[in-house]
Amino acid sequence: MTVSHHFFDGVDLQALAAQMPTPFYAYSASAIRQRIAALQDTLEGLDARICYAVKANSNTAVLQLMARHGVGADIVSAGELRRSLRAGIEASRIVFSGVGKTEAEIVEALQAGVWKFNVESRDELFLLQQVAGRLGVTAHAAVRINPDVDAGTHEKISTGKQENKFGVSIEEAREWFSLREALPDVRLNGLHAHIGSQILSLEPFRRAMQCMADFARELAAAGHRLRTIDVGGGLGVTYRTGHDRPIAVESYGAVLKEVFTDFPGTLILEPGRWLVAEAGVLLTRAIRVKAAANRTFLVVDAAMNDLLRPAMYEAWHEIVPLHGKQMREVRYDVVGPVCESSDTFGVDRLMPECEAGDLLMITNAGAYGASMSSTYNSRPLTPEVLLDRGRHAVIRRRQTFEEMIAGECMAEAWETA
Ligand SMILES: *Cc1c(COP(=O)(O)O)cnc(C)c1O
């Protein structure tokens, strides 16, 4: 029997899994650094900043990697603010997005001194004014435009269409810029758009950028000087070889340069998935093989609570057995142990035959994997390991049972409000 070893960022995954119980995530620091460098190279010559969308993978060690390479953060909650600051990302490089920022979150972000609020509603704009006035600080804000473009992506990750909850229309935004007197503590000097995620075509990006560039020119003519235009994230990656054809980052950069040639301010990019997705794998072991009428289930020890994308978005992830044995190819439905039929990583996948205990790798799981995980079915949060040129470091250990139930208590202290 030949056992071929699978190396990821110089680390032997079989050897690693022999030390650490599965399931766990492994991320390649080198792969993340390569993506950062590729994007930075593309932006060479532009006044542009990268603010990594923290929600894609919010592990503090991953954020620290971003910080060390000059990457800022795009956050959507106070939790992400605290993580980013703790990881060493300066507040002056943090932009705050999201439709539901609470007053407490706005207070915290203003006190921390974040760079910019991407404001999504008139109500939020006035709340920002109120809080900034009370704290005696100036809030810098951008209006999130909903450019009404179809990003051609899964409906659950499309955010730039009129019917989506995100952003406001150009007409609404135009009114905001005439409210200067009512907003003495808010500098509304930016535009923002984020039209969706896992976008594989340049056209929707071009349309959204063009929409902002046109509006920026209109505003400039009316005497409103914009400091920033934030083009959001959304760059897609390859989940399925030969099926997904991502945009070359150079082409994306070329469109940015072309559309914003006459824009005198700073461009902001908020990539999440593109920086980390392909840098991560989820390692799991087969628990058993279950034969049923017409299909065979390969039951693995990872589940939808660890990696929700297949259940939530019908997402495809490659599933690669790492047993290294020369086995005939068979068809499996690869499923987890959770009590939901959607707890399925792959249907009818042709792969080398497996048996209980075999190691498998679910690829391209670095984005929206661990960050979307839960303890559903009382399964503790999965560990994460960072790999870097032959070495590895645990960056989140497995949650213990006690930690999982730490906040719970029996209903004994009954009170009346
Ligand atoms: C989620 C999100 C991003 C990142 O999207 P990706 O597709 O992961 O690049 C960027 N900006 C905003 C406002 C987001 O909500």
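The values are calculated or read from the model by the stated rules, or taken from the named source; none is laboratory data. Keep in mind the model is a prediction, meaning the values are calculated, not measured. Glycine gets a Cβ as well: all are built from the backbone with ideal geometry, and neighbour counts include every protein chain shown. Protein only, heavy atoms only, side chains kept; ligands, DNA and RNA dropped before computing areas. Shrake-Rupley method; radii C 1.70, N 1.55, O 1.52, S 1.80 Å.
Go through the residues of the stretch 342-349 one by one and say whether even a single one is among the small types (Gly, Ala, Ser) and open to solvent by 20 Å² or more (accessible area, probe 1.4 Å). Even if it seems obvious, please write down each step before you answer.
Taking the stretch 342-349 first, the residues among the small types (Gly, Ala, Ser) are 342, 346.
Keeping just the survivors that are open to solvent by 20 Å² or more (accessible area, probe 1.4 Å) gives 342.
So far as the stretch 342-349 goes, yes, one or more of its residues are among the small types (Gly, Ala, Ser) and open to solvent by 20 Å² or more (accessible area, probe 1.4 Å).
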For the stretch 284-309, how many residues are surrounded by fewer than 21 Cβ atoms within 10 Å (Cβ to Cβ) and more than 16 Å from the ligand (Cβ to nearest atom)?
14
Out of everything in the stretch 274-283 that is near the ligand (Cβ under 9 Å from one of its atoms) and open to solvent by less than 10 Å² (accessible area, probe 1.4 Å), what residue ends up being farthest from Thr382 (Cα to Cα)?
Leu275
Is it fair to say Leu359 is in contact with a helix residue (DSSP H, G or I) (Cβ under 6 Å, 6 or more places away or on another chain) and surrounded by 18 or more Cβ atoms within 10 Å (Cβ to Cβ)?
yes
Give me a count of the residues in the stretch 365-384 that are within 20 Å of Gln19 (Cα to Cα) and surrounded by fewer than 20 Cβ atoms within 10 Å (Cβ to Cβ).
2
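Looking at the stretch 138-148 only, could you name the residues that are β-branched (Val, Ile, Thr) and open to solvent by less than 10 Å² (accessible area, probe 1.4 Å)? Let's see the steps before the verdict.
Initial filter on the stretch 138-148 (β-branched (Val, Ile, Thr)): 138, 143, 145.
Within the stretch 138-148, Val143, Ile145 meet the criteria.
Considering only residues that are of a type in the set (Asp, Glu) and in contact with a Leu (Cβ under 9 Å, 6 or more places away or on another chain), look in the stretch 1-49 and name the one that is surrounded by the fewest Cβ atoms within 10 Å (Cβ to Cβ).
As a first pass, look at the stretch 1-49 and keep what is of a type in the set (Asp, Glu): 9, 12, 41, 44, 47.
Applying the additional criterion that residues be in contact with a Leu (Cβ under 9 Å, 6 or more places away or on another chain) yields 9, 47.
Values: Asp9: 20, Asp47: 12.
If we take residues in the stretch 1-49 being of a type in the set (Asp, Glu) and in contact with a Leu (Cβ under 9 Å, 6 or more places away or on another chain), then Asp47 is surrounded by the fewest Cβ atoms within 10 Å (Cβ to Cβ).
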Examine the stretch 157-170 for a residue that is in a strand (DSSP E or B), within 14 Å of the ligand (Cβ to nearest atom) and in contact with a Leu (Cβ under 9 Å, 6 or more places away or on another chain), and state whether such a residue exists.
no
Return the total of residues in the stretch 96-122 being within 18 Å of the chain's Cα centre (by Cα) and on the phi > 0 side of the Ramachandran plot.
1
Every pair of residues 6+ apart whose Cβ atoms lie under 7 Å, when the first sits in the stretch 342-356 and is not assigned by TED's automatic domain parsing to the domain that holds Ala303 while the second is open to solvent by 30 Å² or more (accessible area, probe 1.4 Å) and part of a strand (DSSP E or B):
none
For the stretch 226-242, pairs from a residue that is over 11 Å from Ala141 (Cα atoms) to a residue that is more than 14 Å from the ligand (Cβ to nearest atom) and at pLDDT below 95, with Cβ under 9 Å and 6 or more apart or across chains, are none
Collect the residues in the stretch 57-81 that are farther than 24 Å from Thr382 by Cβ and not in a helix (DSSP H, G or I), keeping them in residue-number order.
His69, Gly70, Val71, Gly72, Asp74
Can you tell me which residues in the stretch 100-137 are in a loop (DSSP other than H, G, I, E, B) and open to solvent by less than 60 Å² (accessible area, probe 1.4 Å)?
Gly100, Lys101, Gly113, Val114, Trp115, Glu120, Ser121, Val137
On the basis of being open to solvent by 10 Å² or more (accessible area, probe 1.4 Å), outside the structural domain of Glu318 (by TED's automatic domain parsing) and over 24 Å from Glu44 (Cα atoms), does Gly265 make the cut?
no
Residues in the stretch 164-194 that are under 22 Å from the mean Cα position of the chain (by Cα) and at pLDDT below 95: how many?
4
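The rows are residues; the columns are (1) within 16 Å of the ligand (Cβ to nearest atom); (2) hydrophobic (A, V, I, L, M, F, W, C); (3) not in a loop (DSSP other than H, G, I, E, B).
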site: Leu226; (1), (2), (3): no, yes, no
site: Gly233; (1), (2), (3): yes, no, no
site: Val237; (1), (2), (3): yes, yes, no
site: Arg245; (1), (2), (3): no, no, no
site: Tyr252; (1), (2), (3): yes, no, yes
site: Thr261; (1), (2), (3): no, no, no
site: Pro264; (1), (2), (3): no, no, no
site: Ile268; (1), (2), (3): yes, yes, yes
